[in-house]
Amino acid sequence: MSEVQITPPTEAPAPPTTRARTLARYLLAASLVFAGLSHLFWARKDFQDQVPDWVPMDKDGVVMASGGVEIMLGAGLAVANRDRVRVGRLAALFFAAVFPGNIAQYLGKRSAFGLDTDRKRLIRLFFQPVLVLWALWSTGTPRR
């Protein structure tokens, strides 16, 4: 009988990155962890006000869950170098998923986080795509 050799799978190396992208990724990671902690502790009420009324779940539960997701995404961005592209895509999807909360804040004229005028709330809407692009750019493979 011939002997079969089983070799363990090798991990693919992390895709190349740049110093600017790495710094941007760490800054985004820290921002996500900070935001997640604020969901859980000092800004829960403000975040509850952003949950659209049509969401069929307890607003505090939504805030707690989204805060936990933000902390996990931030931690993933900080430590998962090999899988950073995948975590970046998940972060981008998360930013897109919570965008209805920003729209609800604008349409409902809900003041939170210093956004106490329609103009400020409208301007805030334009920053969500920036977060999506930041997550994708800071974790992506640079073009050569």
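Details
- Matching residues in the range 1-46 - criterion: being acidic (Asp, Glu) and in contact with a helix residue (DSSP H, G or I) (Cβ under 9 Å, 6 or more places away or on another chain): Asp46
- Members of the range 47-68 found to be open to solvent by less than 50 Å² (accessible area, probe 1.4 Å) and either part of a helix (DSSP H, G or I) or in contact with a strand residue (DSSP E or B) (Cβ under 6 Å, 6 or more places away or on another chain) (or both), listed by number: Phe47, Gln48, Asp49, Gln50, Asp60, Gly61, Val62, Val63, Ser66, Gly67, Gly68
- Restricting the range 1-44 to residues that are more than 18 Å from Ala92 (Cβ to Cβ) and in contact (Cβ under 8 Å) with a residue 60 or more places away in the chain leaves a set whose member that is most open to solvent (accessible area, probe 1.4 Å) is Glu11.
- Filter result (loosely packed, with under 15 Cβ neighbours inside 10 Å and modelled with pLDDT of 95 or more) within the range 69-83: Val79
- Within the range 24-39, the set of residues being within 19 Å of Phe113 (Cβ to Cβ) and hydroxyl-bearing (Ser, Thr, Tyr) comprises Ser31, Ser38.
- Counting only residues that are under 11 Å from the mean Cα position of the chain (by Cα), of a type outside the set (A, V, I, L, M, F, W, C) and open to solvent by 40 Å² or more (accessible area, probe 1.4 Å), the range 84-114 holds 1 of them.
The values are calculated or read from the model by the stated rules, or taken from the named source; none is laboratory data. Values in this document were obtained by computation on a predicted structure and should not be read as measured data. Quick reminder, even Gly has a Cβ in these numbers, built from the backbone with ideal geometry, and neighbours come from all protein chains shown. Side chains included, ligands, DNA and RNA excluded: accessible areas come from the protein's heavy atoms. Shrake-Rupley method; radii C 1.70, N 1.55, O 1.52, S 1.80 Å.
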